[in-house]
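The values are calculated or read from the model by the stated rules, or taken from the named source; none is laboratory data. Note that the structure is a prediction, hence the values are computed from the model and not measured. Heads up, the Cβs are rebuilt from the backbone with ideal geometry, glycines too, and the neighbour counts pull from every protein chain shown. Note: areas computed on protein heavy atoms with side chains; ligands, DNA, RNA excluded. Shrake-Rupley method; radii C 1.70, N 1.55, O 1.52, S 1.80 Å.
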Amino acid sequence: MTIQWFPGHMAKARRQITEKLKFIDVVIELVDARLPASSRNPMIDEIVSHKPRLLVLNKADMADETMTRKWLQYFEGKGFKAISINAQAGQGMKEIAAASKDLVKEKFDKLIAKGVKPRAVRALIVGIPNVGKSTLINKLAKKNIAKTGDRPGVTTAQQWIKVGKELELLDTPGVLWPKFEDQLVGQRLAATGAIKDSILNLQDVAVYALRFLAEHYPKQLQERFGLEFISEDIVELFDEIGKRRGCLMGGGMIDYDKTAELVLRELRAGKIGRFTFEDPELLEE
Ligand code: GDP
């Protein structure tokens, strides 16, 4: 999927989400647990400010568990309800329904007290490309997709997905754009595969990832590539990995493009172990 970040596309995405907000009670904002700051849309607070929001850190299976706990605390401290899940394995699905219900409890209780019949909580999933929106929707959907164009206030036919008795999801998620004017943000998004490889230089991205892993997760890096030590010289580190993995050109020279590709492929596949690029304590940096 290509990411469009032109003003026109942003405006369109924003309009589409705003349109959908009319039909829902809760916004489920999906972010990547490995980069919870960079995988958020910078304008999300503005776009969905008036709806209760559940922050969901997805791909928790690939993230550093200690950091995920820190991030959950951080978001809770900011007044968000936040949970971590693994959409691919379907872990945390019950928590999504429970937390969504919790977010509207007060409002619903008041309505029920006035005699309004209880109904399911309606939610919209939003997030940047590749964060796992479709995976989550499919996991929650099983086969409970219902066409309901006849609901009061619903003029266009909306597809709703029933999740148990208490939650209904709009079947198409709100797609947000990431912000990557900031080089670091771009490199983190690229390293995890959230943006297309053609957008950034692959070697730059691999250099960023290797430097980060060397500093924060040196053992994992050493283990994966069988390194005796981790050179502080990035070229030497590339050379070592390239040599060990046979990423060579004619004459036995290291093929840096191939090495970069290999490192990123393994990082994205989780083969270098769990990691989290961002620490909430260092957010201001
Ligand atoms: P979307 O663009 O937001 O709809 O993202 P997708 O649902 O297409 O997911 C993007 C990629 O992430 C796919 O390869 C999914 O299999 C993978 N993915 C989604 N959720 C998880 C998760 O919780 N853990 C892991 N490891 N991979 C996930």
(request) Would you mind telling me the share, in percent, of accessible area of the chain contributed by carbon and sulfur at probe 1.4 angstrom? (result) 50
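Once the Cα gyration tensor of the chain is found, what semi-axes does its equivalent ellipsoid get, as square roots of 5 times the eigenvalues, in whole Å, sorted largest first?
For the chain, the semi-axes come out at 41, 19, 16 Å.
Out of the stretch 1-83, which trypsin sites (Lys or Arg not before Pro) are coil in DSSP terms and have no more than 11 other C-beta atoms within 10 Å? If you can, show how the numbers build up before the last one.
Working: sites: Lys12, Arg14, Arg15, Lys20, Lys22, Arg34, Arg40, Arg53, Lys59, Arg69, Lys70, Lys78, Lys81; in loops: Lys22, Arg34, Arg40, Lys59, Lys78.
In loop regions of the stretch 1-83 (DSSP not H, G, I, E or B), the sparsely surrounded trypsin sites (Lys or Arg not before Pro) are Lys22, Lys78.
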(request) Apply the Debye scattering formula to the stretch 1-141, with a single equal point scatterer on each alpha-carbon and no solvent, then give log10 I(q)/I(0) at q = 0.17, 0.18, 0.19, 0.22 Å⁻¹. (result) -0.99, -1.10, -1.20, -1.49
(request) May I ask for the angle, rounded to the nearest 10°, between helix 202-216 and the longest principal axis of the chain, with both axes built from Cα atoms and the value confined to 0 to 90°? (result) 90
(message) Taking the solvent-accessible surface of protein heavy atoms with a 1.4 Å probe, what is the per residue accessible area of the chain in Å²?
(response) 53
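When the helix-only estimate is applied to the chain (DSSP H runs of n ≥ 4, each -39,500 (n - 2.57), divided by the residue count), what is the mean residue ellipticity at 222 nm, nearest 500 deg cm²/dmol?
Mean residue ellipticity at 222 nm (helix-derived): -13000 deg cm²/dmol.
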(request) Grab the alpha carbons of the stretch 81-127, take their convex hull, and tell me the volume per residue in Å³. (result) 83
(request) For Val116 and Glu95, calculate 0.36 nm times their separation in residues minus their Cα-Cα distance, and state this gained length in nm to one decimal. (result) 5.0 nm
(message) If I take R0 = 41 Å and measure r between the Cβ atoms of Glu261 and Lys12 in this structure, what FRET efficiency does the formula 1/(1 + (r/R0)^6) give, to the nearest 0.05?
(response) 0.80
(request) Largest first and to the nearest Å, give the Cα extent of the stretch 44-84 along each principal axis. (result) 32, 19, 12
(message) Report the Rg/Rh value for the stretch 166-260, based on alpha-carbon coordinates and the Kirkwood definition of Rh.
(response) 1.13
(request) Return the long-range amide H neighbours of Ser84 (sequence gap of 5 or more, or a different chain), with a cut-off of under 5 Å between placed amide H atoms. (result) Leu57
(request) Quick one: pull the percentage of alpha-carbon pairs in the stretch 232-278 with a separation above 18 Å. (result) 34
(request) Give the distance, in whole Å, between the Cα centre of the stretch 210-285 and the Cα centre of the stretch 20-65. (result) 30
(message) As I understand it, the value is the acute angle between the Cα axis of helix 7-21 and the longest principal axis of the Cα atoms of the chain; what does it come to in degrees, rounded to 10?
(response) 40
